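The values are calculated or read from the model by the stated rules, or taken from the named source; none is laboratory data. Given the structure is predicted, the values throughout are model-derived calculations rather than measurements. Positions of Cβ are generated from backbone atoms using ideal geometry, with glycine treated the same way; all protein chains shown enter the neighbour counts.
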Amino acid sequence: MDDDKKKILYVQTSDQPERQYPPLVLAQSARVMDLEPAVYFLGMGLKVLKPGAADAMQLGSFPSVGEMLRKTLDMGIPVYACEASRQMLGWDDVELIDGAMIVGAATLNDLALDADATMWF
């Protein structure tokens, strides 16, 4: 990440379809604005990162959540998944979508401390 650019952290805590779009749309918009966005999935939000789960979510005329996630990753926006949440969900061995990085809980603290702004969904 470029230290001169403003950083925004979007934290997704839900597996509800209607709550998936805002952080992804905002992260993509932030990238276009030449900001440094990151998206961190926590708690029940991890369910969305299982292969096929996001492809099954679509609201209105928006692309599926899976398409939005792929675009987010293609734009170079990091997508993090919380290791502690994986354990909380009882997932001993879990496959996530390509590009999602499983990281420790301390990573969320570091990202939040380093961000110029955080938004939670």
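For the reader, a short list of remarks on this structure follows.
- Contacts under 8 angstrom Cβ, first residue in region 35-52 being under 14 Å from Y21 (Cα atoms) and of a type outside the set (S, T, Y), partner at pLDDT below 95 and in a strand (DSSP E or B), 6 or more apart: none
- Among residues of region 89-110 being in contact with a strand residue (DSSP E or B) (Cβ under 7 Å, 6 or more places away or on another chain) and part of a helix (DSSP H, G or I), the one that is surrounded by the fewest Cβ atoms within 10 Å (Cβ to Cβ) is A105.
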